[in-house]
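Here is the structure we will look at.
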Amino acid sequence: MADELERPGENGESQDPAAHLPAPSIWPFGFALGVALVLVALIISSWVIVAIGAILALVFGFLWIRAATREVRATPPPEPAALTADVEEEEGEEDDGEPRLSRSLFLEGATLGIGAAIGGIVTLPSVGFMVLPAFLDQEYEQIDLGPLESYPRDQWVVAKFRGTQAQPDGVARRTAYIRYNGQQDGTPSFTILSNRCVHLGCPVQPQGLTDEEAQMIETEAGGVELFKMAPSGFGCPCHGGAYDIEGNRTAGPPVRALDRYKYSIHNGRLRLDEPYSVGKVKGTGSDAQIAAYDLVDPGQHVDGPEQFFYPYVP
Amino acid sequence: MPKTKSKRQQQIEAVALYPVDWLEERSGLIGGLRYFLFRKVPAETNWFHTLGSATLTAFIVQAVTGVILAMYYKPSAELNPETGKPIAYESIETITNDLTLGWLVRGMHRWGASVFIILLFLHMGRVFLFGAYKYPRELNWLVGAVLLLMAMGEGLTGYLLPWDQTSYWATVVAININANAPIAGPFLGDFLRGGQEIGSETLTRFYSLHMLVIPGGLAGLIALHLYLVVRLGITPPPWTKAAGGYEAQPNGGRPARTGLVNPSPRGNGNGGRERRES
Ligand code: HEM
Ligand code: FES
């Protein structure tokens, strides 16, 4: 800061303060209006207005950029000749004309290059370690939910179990809502809803009474607790999202139906496989037609035009 | 030095000044400090100009209390086998209920967090309403905007640390909101969670972000912010003559409202037009 003792303003270098001020412009307002139109039209799903807004934004954005860069564009670019002349001056006096790597240039390049190499060698693995584990080897574990006989036909149960062996007890607990729909084409049919609200992830609760007494089932993964219940639907405590008995959204901010789990039967025991997302469910029980999609985060649409915007991923 | 000073007084003064001189000769730091403290500012400043320093003070309070809390807090989601409670939650209970003055320091940090954010917005509001973001201070506004984002990041990451029901589910919701951002959203969600589901990695990485990464960035950017404030000078309030870029003239000069479209340039803190005798 010591070298700042000279007040910049007193050096006489900023005589004309307006020199770099862009002239006041009306175009940004038109641009903002266009953008606002697009956003509103997206919400009310009116493609005509989207197009009008986009055109407005493009036109005014172009005019704005043109106005803002007028000064820059007016200045002619520096003569390339002037540049080379500068460089030549720095070169040694001995061999004129012949461009040669000067010692200072070489040292400058070497310092920057070696510095960048060392920096890269240290930084890249560290950043990789910070970021990559969150994306690699991320798999849902398969969970044994006990013998089929624990699930009477058409009886809803709350199942509480350890969802993963990788997490400590308190965090590993998962909840699913399960109903056995009887045999369908010779195989047992289950409805298994995830309790993760598809608005923003709070735990969805059954509407209606749940048994206080748990039925304990021994499993390898630390046991499953089953509570009988007779829900009329499901509701979310966070922002009032509501779902019907098949998980279809009936009210509130959720954007699709409740996620479900795939399942399989092994040696007469129910096994929970990975979860998947659901657009809509038609019909109920074993006849239900489920619009299934790969699992996505809460808040993301899986169907309709919104699927391209929440979130937009190119 | 006034002649009235006795020899003894002069001796004491010399002894007191010696270390200051020693430091100045070897570092120039004292001169730098004097430059910072005694630089010229507009003749008409007002209390709203103190909001930036108030924000800085709040940040320092957060830093100091946070460092002390980190001496007792344990960022672990494991359950204590004896009590069945998560260790992170228990360590917060210990700080609040058992440790001497722990309740006070935790309270300062928790309430101070809100004070910090509120002051940030007030400061930003004053900069906006004074038109102090205009040329040549656009860059400092941008630095400030990043500061605001990082401060809100502090709020998000800190809120999870007590590891109780409120903080857990609030964080679930907040991460899912982030995961809906365009383009980067899904990756951001996985990065923040440390995987597909919120768990013990989320707690440890939020802890690291909360006490190392973001505060470090904040401190560096605050230094840059203040450097720019000193370099560019402070904007006088828009209703003053100086803001219009004009000296007081017998006829009253141009209306002060000009300051809104033609803000004061950097420099001598006096509208840039007048050049002071140095
Ligand atoms: C960690 C947060 C921040 C700290 C510690 C801080 C501190 C300061 C201080 C001490 C000043 C001197 C003038 C004054 O007190 O009003 C200042 C000025 C300024 N701040 Fe901040 N600030 C912060 C955040 C922000 C934010 C969020 C913005 C806007 C997005 C912002 C924009 C500015 C601008 C443009 C100036 C120059 C004002 C002028 O020339 O009068 N700052 N800041
Ligand atoms: S998280 Fe369920 S309604 Fe918002």
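The values are calculated or read from the model by the stated rules, or taken from the named source; none is laboratory data. Quick caveat: nothing in here was measured; it's all calculated off a predicted structure. Backbone-built Cβ (ideal geometry, glycine too); neighbour counts: all protein chains shown. All accessible areas refer to the heavy atoms of the entire protein, side chains included, with ligands and DNA or RNA removed. Shrake-Rupley method; radii C 1.70, N 1.55, O 1.52, S 1.80 Å.
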Rg/Rh over Cα atoms for the range B:1-104, Kirkwood Rh, comes to 1.28
Whole-Hz Karplus couplings 3J(HN,Hα) for the range A:249-262, θ = phi - 60° and coefficients 6.51, -1.76, 1.60, Gly and Pro as x, run 5, 10, 7, x, x, x, 10, 7, 7, 4, 4, 10, 9, 6
The relative contact order of chain B, taking Cα pairs under 8 Å that sit 6 or more residues apart, comes to a percentage of 20 percent
Expressed in angstrom and rounded, the centroid-to-centroid distance over alpha carbons for the range B:114-141 and the range A:269-314 is 44 Å
For the range B:106-206, shape from the Cα gyration tensor axes a ≥ b ≥ c, cut at a/c of 1.5 then a/b versus b/c, turns out oblate
Output ordering of B:24-33, A:65-74, B:169-178 (per-residue mean of other Cβ within 10 Å, highest first) is B:169-178, B:24-33, A:65-74
Answer in debye to the nearest 20: the dipole magnitude of the protein assembly as shown about its Cα centre, from +1 Lys/Arg and -1 Asp/Glu charges placed on Cβ, is 2640 debye
Over the Cα atoms of the range A:143-303 the radius of gyration and the largest Cα-Cα distance (Dmax), both in Å, equal 14.9, 41
Largest-first semi-axes in Å of the equivalent ellipsoid built from the Cα gyration tensor of the protein assembly as shown are 59, 33, 27
Per residue of B:36-46, other chain Cβ atoms within 10 Å number on average 1
Inter-part gap, Cα centre of the range B:31-48 to Cα centre of the range A:186-219, in whole angstrom, is 65 Å
One can check that the equivalent ellipsoid of the range A:138-184, built from the alpha-carbon gyration tensor with semi-axes equal to the square roots of five times its eigenvalues, has lengths in Å, largest first, of 25, 11, 9
Cα-Cα pairs in the range A:260-314 separated by more than 14 Å, as a whole percent of all pairs, come to 64 percent
Phi-derived 3J(HN,Hα) across the range B:117-127 with the Karplus relation (6.51, -1.76, 1.60, θ = phi - 60°), rounded Hz, x for Gly and Pro, is 5, 4, 4, 4, 5, 4, 4, 4, x, 5, 4
For peptide B:143-152, the mean count of other chain Cβ atoms within 10 Å per residue Cβ is 0
Put B:Ile198, B:Ile117, B:Ile12 in order of accessible area, largest first, probe 1.4 Å, and you get B:Ile12, B:Ile117, B:Ile198
Sorted by accessible surface (1.4 Å probe, heavy atoms of the protein chains only), largest first, A:Phe29, A:Phe308, B:Phe59 come out as A:Phe29, A:Phe308, B:Phe59
Cα extents of the range A:230-275 along the principal axes, largest first, in whole Å, come to 41, 23, 16
For A:Lys262, the residues 5 or more places away or on another chain with a placed amide H closer than 5 Å to its own amide H are A:Asp273, A:Glu274, A:Tyr276
For chain B, the charge dipole (Cβ of Lys, Arg +1; Cβ of Asp, Glu -1; about the Cα centre) points to a positive end, and the Cα of B:Ile222, B:Leu120, B:His49 closest to that extreme belongs to B:His49
For the range B:178-227 the residues that are at least 50 Å² less accessible with all protein chains than alone, 1.4 Å probe, are B:Asn180, B:Ile183, B:Phe191, B:Gln196, B:Glu197
The range B:46-236: spread of alpha-carbon positions along the three principal axes, whole Å, largest first, is 62, 46, 22
With a 1.4 Å probe and ligands and nucleic acids left out, the total accessible area lost when A pairs with B, in Å² to the nearest 100, equals 4000 Å²
Using eta = 1.567 mPa s and T = 4 °C, Stokes-Einstein with Kirkwood Rh from Cα pairs puts D for the range B:161-235, in µm² s⁻¹, at 90 µm²/s
Pairs over 29 Å Cα to Cα, from A:Lys228/A:Lys262; A:Lys160/A:Lys282; A:Lys262/B:Lys85, come to A:Lys262/B:Lys85
Here the range B:16-32 yields Karplus 3J(HN,Hα) values (6.51, -1.76, 1.60; θ = phi - 60°; whole Hz; Gly and Pro given as x) of 5, 7, 3, x, 5, 4, 3, 5, 4, 5, 8, 9, x, 5, 5, x, x
In terms of the charge dipole of the protein assembly as shown, which places +1 on Lys and Arg and -1 on Asp and Glu at the beta carbon, the residue among B:Phe130, A:Pro152, A:Val278 farthest towards the positive end is B:Phe130
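Whole number please: convex hull volume per residue, Cα atoms of the range A:27-69, in Å³.
On the way: hull volume 1.6 nm³, N = 43.
Convex hull of Cα atoms, per residue: 38 Å³.
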Checking rank on B:77-85, B:105-113, with mean other Cβ inside 10 Å and highest first, the result is B:105-113, B:77-85
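Enter the accessible area per residue of the protein assembly as shown (Å², integer; probe 1.4 Å; all protein chains in place).
Heavy-atom SASA per residue in the protein assembly as shown reads 59 Å².
Over the range B:46-236, what percent of the accessible surface lies on carbon and sulfur atoms, probe 1.4 Å?
So the carbon and sulfur contribution to the accessible surface is 73 percent.
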